[in-house]
1. Name, by its number, the condition in (1) within 15 Å of the ligand (Cβ to nearest atom); (2) in a loop (DSSP other than H, G, I, E, B); (3) more than 22 Å from B:Gln139 (Cβ to Cβ) that does not hold for A:Leu31.
2. Condition check: assigned to a helix (DSSP H, G or I) and within 22 Å of B:Ala177 (Cα to Cα). Does A:Ile10 satisfy that?
3. Can you say whether B:Ile56 is farther than 30 Å from B:Arg134 by Cβ, open to solvent by less than 10 Å² (accessible area, probe 1.4 Å), assigned to a helix (DSSP H, G or I) and more than 11 Å from chain A (Cβ to nearest Cβ), as far as the supplied structure shows?
4. Could we say that A:Ala39 is within 16 Å of the ligand (Cβ to nearest atom), surrounded by 15 or more Cβ atoms within 10 Å (Cβ to Cβ), within 14 Å of another protein chain (Cβ to nearest Cβ) and at pLDDT 85 or above here?
5. Do we have any residue at all in segment B:61-75 that's under 17 Å from A:Val64 (Cα atoms) and either facing chain A (nearest Cβ under 10 Å) or modelled with pLDDT under 90 (or both)?
6. Scanning for something assigned to a helix (DSSP H, G or I), farther than 30 Å from B:Ser28 by Cβ and within 15 Å of the ligand (Cβ to nearest atom), does segment A:45-62 turn up at least one residue?
7. Restricting to segment A:1-28, and then to whatever is within 12 Å of the ligand (Cβ to nearest atom) and touching a helix residue (DSSP H, G or I) at 6+ places or on another chain (Cβ under 6 Å), can you tell me which residue is most open to solvent (accessible area, probe 1.4 Å)?
8. Out of everything in segment B:19-52 that is among the hydroxyl-bearing types (Ser, Thr, Tyr) and part of a helix (DSSP H, G or I), what residue ends up being farthest from the other protein chains (Cβ to nearest Cβ)?
Amino acid sequence: MDCKKAQDLILTDYIDQEASFSVQESVRAHLASCEKCRAFEQEVRAHASEDLRNAGHIEPPAEVWNRIRDAIGQEQRPSGVPAYVDHMFDFLRESFFARRPAYAFATAFTVMLAAIAVWGLPMRRQMLARDYLVQKTSFMIALNSPANGETDAAADFNTAIEEYLF
Amino acid sequence: MEDIPRDLIEQAQAGDIGAFERIYKAASAMVYSVALRVTNSRPDAEEVTQDVFIKIHRSLKDFEFRSSFKTWAYRITVNTALNACRKISRQETGRQDFDTVIDSQAASVDTRGQIGHAEELDRAKAELDLRLARLNPDQRACIILREIEGLKYEEIAKALGININTVRSRLKRARLAMIEDAGSRGD
Ligand SMILES: [Zn+2]
């Protein structure tokens, strides 16, 4: 084996342990007798291979999952359902996340509006919309489950008006 | 990255958002790290991560377990990241972003490797930053999948949709550029 062939293999299959046993052996035999290629192997390992192996993984910021979850929620709207139903749900979801009793009014009002809006649709679309509302609601319940890591602190009464009303 | 258990994928296929979140938790560090290192930019890496999981969710129902979930996830990740690179070429600001994210998230780096303390982490960070940023995105993707993700040539070929000899030639060129770069910096 000549130096060029040996160095080609050192840059790829040899260092990555992809070569067959006999090829690995011939490279090793060449390295045993060639100082230049031994130095080359050291250089490749130090600057283009082993130096990268401890790089590890980095966690994405938490808001990335929140955006994915929101986008998935948006995508689940079937084509027969008008977009305003989604907008109402966005509002509803925010009320859920805020978890303030004063928003309970707004939430109830939105559900009523959604129901009325769906009532006005033709029968086939009504069915679609009804399934969709059920899906969306369970999706939001899932978002609000304790697995989400939220505490109940947000549910405390925070403002005077809330204390007055509830 | 460990492969995802089949029953968890099946639960997510059935529409269980909690199961999908568990898949996200198991795979997101891999997706984000590959995206960050390929694009060299934190905002791009976040966007790629987001796109990858939306794509995974969208096509999950068609996933038939013919390949492993891991291979599939690498393929979507690396292709989405490379497309982002092609769209946006802002290497310099990107490199600053990369520094920032490595610094701010140093504590959350997977320490199952041998990185023990701050100086070693800084050294590893500097090496990654300098050496990887000078490669072209295709070469960078190959060396990341090989050295950081530990994929075999065949898996890299599948992830990138190229043949094994192209994997070899990209790795060869990437490594030659990296040792040349190290030589020119005098170490
Ligand atoms: Zn030689």
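The values are calculated or read from the model by the stated rules, or taken from the named source; none is laboratory data. Keep in mind it's a predicted model, so treat the numbers as computed, not measured. Ideal geometry is used to build each Cβ from the backbone, glycine not excepted, and the neighbour counts take in all protein chains shown. SASA here: full protein model, heavy atoms, side chains in, ligands and nucleic acids out. Shrake-Rupley method; radii C 1.70, N 1.55, O 1.52, S 1.80 Å.
1. Only one criterion in (1) within 15 Å of the ligand (Cβ to nearest atom); (2) in a loop (DSSP other than H, G, I, E, B); (3) more than 22 Å from B:Gln139 (Cβ to Cβ) is unmet by A:Leu31, namely (2).
2. Spelling it out, A:Ile10 is indeed assigned to a helix (DSSP H, G or I) and within 22 Å of B:Ala177 (Cα to Cα).
3. Numbers: farther than 30 Å from B:Arg134 by Cβ: yes; open to solvent by less than 10 Å² (accessible area, probe 1.4 Å): yes; assigned to a helix (DSSP H, G or I): yes; more than 11 Å from chain A (Cβ to nearest Cβ): no.
When the stated conditions are applied, B:Ile56 does not pass them.
4. Criteria not met by A:Ala39.
5. no
6. No, there is no match, as no residue in segment A:45-62 is assigned to a helix (DSSP H, G or I), farther than 30 Å from B:Ser28 by Cβ and within 15 Å of the ligand (Cβ to nearest atom).
7. A:Met1
8. Once the filter is applied, the top-ranked residue is B:Thr39.
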